[in-house]
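See below for the structure under consideration.
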Amino acid sequence: MPRINLTDVSVRALKPDGKQTVYWDVTLPAFGCRVSQNGTKSWVIVKGRERRIVTLSRYPIVPLKEARGAAKLRLAAPVKEPISKLLFDEAKELFLKSCEGRTSERTQRDYRRHITKHFSPELGTTRLEDLTTEDFEGILDDLKDTPSEALHSFHAVRTMLRWCNRRKQLSHNPLDSVEAPARIKIRERVLSNVELAKVIITARTDPTPFGPIILLCAYLGQRRSEIGMLRWEYIDQKNKMITLPASITKNRKTHVFPYTDTVQRIFDRVESRKGYLFPGREYHKKLTNDPERSFGGWARGKYNFDRRCPLAEHWQIHDLRRTFSSTMAALGVLQVVVEKLLNHVSGGALSPIARVYNQHSYQKEMRAALELLDRHISSICLPVAA
């Protein structure tokens, strides 16, 4: 590791060189400035018989003079043995292993992606107990231009740290008192009949797998992830029923619901005949070492779809689910039936007691509601097509 005379000028001039590097101070040998691959700078010290690197704070939030003073105090303090010698990446793998069977496959993939992509490069080889709030805040600050990514990454790593704390691998969760870096905006977008008709007509002629996916989201009202992870074994084509297993649903409850002849014609368009209806691209399968990866091209698919079907106001795929629910209500479908179709754990119009005692499946009511929606969509598409 290089040694330099750390001054305000020299610290400002430090640049990333493709890997994480610590520049040690010649005047205070155990004190240094760590520069990450993306250029983030942190004040660190090395301490103890095992020569562990401990992060103190971030630059330029804490200036050199203040950081050097804090380093002297920390170096003079007695060394305390950590309660665990786990490295960050070791703890990450244990956490992800614990998620198997208690969280959905999608949640597990999201946890792994967010933690590995944003935190492992800089923190992976650091002892878990040595990490500070500043370590995580600095990484999250780098994501400020992508607030949604910052928010999901924050929740993923905080969940991991809380798990470690509960299992005595971490004495204190450095993110417990940290506020989320962004707020989730509650969307209220519902497509108008004209907009919905344009989306349906475009999806019918879309030559890519994205077209059938959009159609299924619109006609069935299910979450995009559940449609993207549909497998042929989930579909009973003889009785026109779909069974989504608890492993892929958001509320971890098996969801059984009917589908219509219109949806069957959409299934007939799908090229895949076994496994996933919408398998991932070979590139992503190799990248993730997952030979059975489901569809993952949401961003590119939506971008290309919008080019063929531009709406005046921006819309998201999840807006189709909200549109499905609102349209059902406008057509006079009972709320309890809509909630059953959406697989909402709240039970909609049912009271807590009724949800316990009312075990009616509502299959006939759900099928009637879906057929009513089919006729409505057909009626609004005719004028647009004409």
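List the relative contact order of segment 88-166 as a percent without decimals, with contacts defined as Cα pairs under 8 Å and 6+ residues apart. Don't skip to the end; give the middle numbers.
Numbers: 46 pairs, mean separation 32.3, N = 79.
About 41 percent, as a whole number.
Placing a label point 7 Å from the Cα of ALA77 along the Cα-to-Cβ direction, the residues of segment 44-59 whose backbone N falls under 15 Å of that point are 44-48, 53-57. From a point 7 Å beyond the Cα of LYS65 in the direction of its Cβ, which residues of segment 1-17 have a backbone N at a distance under 17 Å? Answer for this model: 6-12. Here the label points at LYS19 and SER148, each 7 Å from Cα along the C-beta direction, are separated by 3.6 nm in the simple model. What does the C-alpha gyration tensor say about the overall shape of segment 88-166? Classify as rounded when a/c is under 1.5, otherwise prolate if a/b is larger than b/c, or oblate. Since a/c reaches 1.5 but b/c is at least a/b, the shape of segment 88-166 is classed as oblate. Taking other residues whose beta carbon is less than 13 angstrom from the beta carbon of LYS72, and scoring Lys, Arg as +1 and Asp, Glu as -1, yields +2.
All C-alpha pair distances within the chain, sorted into 10 Å bins from zero, spread as 4, 19, 24, 20, 15, 11, 6, 1, 0 percent across the bins. Taking amide H as placed 1.01 Å from N in the peptide plane, GLY296 has its amide H under 5 Å from the amide H of ARG281, each at least 5 places away in sequence or on another chain.
Looking at the chain, send over the antiparallel percent of its DSSP beta bridges, to the nearest 5.
Values: 25 of 28 bridges.
Of all bridge pairs located within the chain, approximately 90 percent are antiparallel.
A simple packing score, the average count of other Cβ atoms within 10 Å per residue, orders the peptides 239-246, 267-274, 110-117 as 110-117, 239-246, 267-274, with the highest score first.
Using a ≥ b ≥ c from the Cα gyration tensor of segment 1-96 (square roots of the eigenvalues), is it rounded, prolate or oblate, where a/c under 1.5 gives rounded and otherwise the larger of a/b and b/c decides, a/b for prolate? Spell out each step's value before the answer.
Working: a/c = 2.06, a/b = 1.28, b/c = 1.61.
It comes out oblate by the Cα gyration axes.
Given their separation in residues at 0.36 nm each and the Cα-Cα distance between them, TYR303 and ARG375 gain 23.0 nm when the chain is fully extended. Highest GNM mean-square fluctuation among ARG74, ARG49, ARG58, for the chain modelled with Cα contacts below 10 Å: ARG49.
On the basis of the beta-carbon distance and an R0 of 45 Å, GLN264 and VAL178 show a calculated FRET efficiency of 0.35. About the centre of its Cα atoms, the chain shows a dipole size close to 580 debye [charges on the beta carbon of Lys, Arg (+1) and Asp, Glu (-1) only; nearest 20 debye].
Near TYR59, the amide H atoms lying under 5 Å from its own belong to LYS41, SER42, TRP43; only residues 5 or more places off or on other chains count, and H is placed 1.01 Å from N. Measuring between alpha carbons in the structure, the pairs from LYS144/LYS274; LYS144/LYS302; LYS72/LYS117; LYS65/LYS168; LYS117/LYS240; LYS41/LYS250 lying more than 31 angstrom apart are LYS144/LYS274; LYS72/LYS117; LYS65/LYS168; LYS117/LYS240; LYS41/LYS250.
The spacing between segment 299-329 and segment 1-35, judged by their C-alpha centroids, is 50 Å.
When DSSP beta bridges are limited to those with both residues in segment 3-76, what percentage is antiparallel, rounded to the nearest 5? Before the final figure, lay out the partial values.
Details: 16 of 18 bridges.
Percentage antiparallel, nearest 5: 90.
For the chain, what relative contact order do you get, as a whole percent, if you take Cα pairs closer than 8 Å and at least 6 residues apart?
Numbers: 496 pairs, mean separation 46.0, N = 386.
With pairs under 8 Å counted, the relative contact order is 12 percent.
Since every read-out is calculated from the coordinates, none of them should be taken as a lab result. Predicted, not measured: the structure shown is a model, and the values here were computed from it. Positions of Cβ are generated from backbone atoms using ideal geometry, with glycine treated the same way; all protein chains shown enter the neighbour counts.
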